[in-house]
Amino acid sequence: MFDFAADPDQPKPMLYNALARAADALVEGERDTVANMANIAALIWQFVPRLNWAGFYRAVGDELVLGPFIGKPACIRIPFGRGVCGTAAATGATQLVADVHAFPGHIACDADSRSELVVPVLAHGKVIAVIDLDSPEPARFDEADAAGIEWLAQVAARAI
Ligand code: SME
């Protein structure tokens, strides 16, 4: 059993710091990349409030392929440059989208999604995956969420 507790309502930098340390502990000594992505996705889902989708897309060739996630079944393949995830993968830059309907090319996997945060997972300067969070709440994510998920992406980069 992984015994970890965190107050989801504490200040975001504290919450994400605790989550990054918990993620580090979860992946410690485990080389299986699917298991590590699954546990990091589960950790995000359990402790980051007001999400309807949380998980990974992996960079495979010049497209993203669905990885471990929690939420409704989603699009499997996304070309680099398409949608929010493909834009994060193509640019290597975090995408903070307050209103998904206003994002050109947004790919609707779950009609409930209103805002989205996509963070690239970088290894040796190359995008190897993205972490995608969706929320049914408009403008759910801010810079503190982006910075926090970037910490988790650094843990993921060492573990996948
Ligand atoms: N909305 C994403 C697609 C992935 S789902 O949200 C899980 C996008 O536009 O890239």
message: If I go through the stretch 114-139 residue by residue, how many of them are over 14 Å from the mean Cα position of the chain (by Cα) and either within 12 Å of the ligand (Cβ to nearest atom) or farther than 20 Å from Ala59 by Cβ (or both)?
response: 5
message: Considering only residues that are within 10 Å of the ligand (Cβ to nearest atom), in contact (Cβ under 8 Å) with a residue 12 or more places away in the chain and surrounded by fewer than 14 Cβ atoms within 10 Å (Cβ to Cβ), which ones fall in the stretch 82-109?
response: Gly105
statement: Out of (1) under 16 Å from Leu51 (Cα atoms); (2) in contact with a helix residue (DSSP H, G or I) (Cβ under 6 Å, 6 or more places away or on another chain); (3) not small (Gly, Ala, Ser), the one Lys72 does not meet is (2)
task: Take the residues in the stretch 70-81 that are near the ligand (Cβ under 7 Å from one of its atoms) and of a type outside the set (A, V, I, L, M), then tell me which one is farthest from Val127 (Cα to Cα).
output: Gly71
message: Among the listed residues Ile149, Ile160, Ile131, Ile76, identify the single one that is over 21 Å from Leu15 (Cα atoms) and in contact (Cβ under 8 Å) with a residue 12 or more places away in the chain.
response: Ile160
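All of the numbers you see were taken from the coordinates with simple rules; none came from a lab. Computed from a predicted structure; not experimentally measured. When we count neighbours, we look across all protein chains shown, and the Cβ atoms used for this are built from the backbone with ideal geometry, even at glycine.
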